[in-house]
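One structure below.
The values are calculated or read from the model by the stated rules, or taken from the named source; none is laboratory data. In this text the structure is predicted, and so the values were computed from the model without any measurement. Quick reminder, even Gly has a Cβ in these numbers, built from the backbone with ideal geometry, and neighbours come from all protein chains shown.
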Amino acid sequence: MKNPKFFTVEEADQLIGMLETTLERIKRNKQEYLWLRGELAILELIVECGADGNNPDAVELAKKTKRFKRLANSIEKDVASLEQSGCVLRDIDAGIVDFFSIQDGTVVFLCWKKGEDSVKHWHSIRDGFAGRQPLFRSPSTR
């Protein structure tokens, strides 16, 4: 990230509603995307065996391919939207998001996980989620 946005705890907390909604949509779309990928592999094998364009499997392949591409596009847009807001998406499935912040003059990450009602943890840039520590005071961007 070239010019990261730095957040206070309060600024990060203001994004939680949007994060919950967006992460839920990404996770739901990802599940369908992965399921469709398996379906497409099977249909492609059938169609490669000589089915013409009027074959029900070929028609279904075309329909599911369009849906697959729409899901991929939706996931990409949602991830890009999170990144544009300054968030660092760490894990889609676990719903882990980091926010750049400054604590005692040091760059750190505020750390939030889907389901938490506010940002209550931070970790050093090097430690990652495993190094999460409770917040005892609000890191400031100043």
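Scan region 15-57 for residues that are closer than 29 Å to D98 by Cβ, in contact with a helix residue (DSSP H, G or I) (Cβ under 6 Å, 6 or more places away or on another chain) and of a type in the set (A, V, I, L, M) and jot them down.
Passing the criteria: only I26.
Hey, could you check region 103-136 for residues that are among the small types (G, A, S) and not in a loop (DSSP other than H, G, I, E, B) and say which is nearest to R90 (Cα to Cα)?
Quick first cut of region 103-136, residues among the small types (G, A, S) only: 105, 115, 118, 124, 128, 130-131.
Okay, now just the ones that are also not in a loop (DSSP other than H, G, I, E, B), so 124, 130-131.
On the way: S124: 14, A130: 12, G131: 14 Å.
My answer is A130.
Between a residue in region 82-93 that is at negative phi and any residue that is basic (K, R) and outside any loop (DSSP other than H, G, I, E, B), which pairs come within a Cβ distance under 9 Å, given they are 6 or more apart or on different chains?
D91/K113; I92/K27; I92/K30; D93/K27; D93/K30
Search region 15-51 for residues being over 16 Å from L89 (Cβ atoms) and of a type in the set (D, E, K, R), and hand back the single one that is modelled with the lowest pLDDT.
My answer is E48.
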